[in-house]
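Structure first, then comments.
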Amino acid sequence: GGGELTVGWRRIGRRVYRVADFGLSRSTDPEPEADGSESPYYRSKAGVFPVRWTAFDAMLTLVFNTASDVWSFGITMAEVYTAGEQPYPGTNTEQLVGLLAKEYRMPQPSGCPNAVYGMLLKCWDRDAAQRPTFDDIVTFFEREHAGDHANAAEQDAVTELIAAAAAASSAATAAAEA
């Protein structure tokens with residue numbers, strides 16, 4: 001596997017937001033398909049991961065993929081709307097895992113539009129196959145802000161964050177394949 005750390009960043013107002021590969025690909029091996037071909041899924045050998053940003057299914061299986069990256073991106077977007085507040089405030093790791101098992105999701109952040117929160121909930125779908133792709137997310141934000149010149153800077157920032165997250169996900173996959 002590769003040891004690179006992929007980071008994308010964007011300044012929004014006075015804050016700088018970073019999207020990065022958390023290093024999960026560093027200790028992974030390809031999971032073979034039933035027919036022996038390589039799969040785009042990777043299993044963590046160490047079992048160490050950032051719980052508050054990790055998809056519940058990935059916590060259970062230690063398998064990380066683009067769908068689990070979409071979940072993590074949804075958490076990162078929630079952080080944007082909470083000015084960087086720690087996800088799931090007031091809960092410890094054990095409580096959080098129990099809550100996620102019961103399908104708890106972070107409440108809608110103040111200032112987060114209903115449509116955006118709806119997209120975040122899709123990013124956190126229990127069924128990884130039902131989560132949007134990064135292309136779906138970009139398309140959503142482009143439509144959401146179409147013609148909204150007052151939010152053009154925010155739209156550009158969000159689009160760049162999505163692109164950075166998608167690039168980090170792709171780089172992690174490529175590094176793990178190397």
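Return the distance in nm (one decimal) between the two label points of a simple spin-label model at A101 and E85, each offset 7 Å from Cα along Cα→Cβ.
So the two model labels end up 2.7 nm from each other.
Can you pull out the GluC sites (Glu not before Pro) in region 48-131 whose DSSP state is coil and whose Cβ has at most 12 other Cβ atoms within 10 Å?
Here the sparse-neighbourhood loop sites are E85, E103.
Since every read-out is calculated from the coordinates, none of them should be taken as a lab result. Bear in mind that the values here come from a model prediction, so they are computed numbers and not experimental data. All Cβ positions, glycine included, derive from the backbone under ideal geometry; neighbour counts span all protein chains shown.
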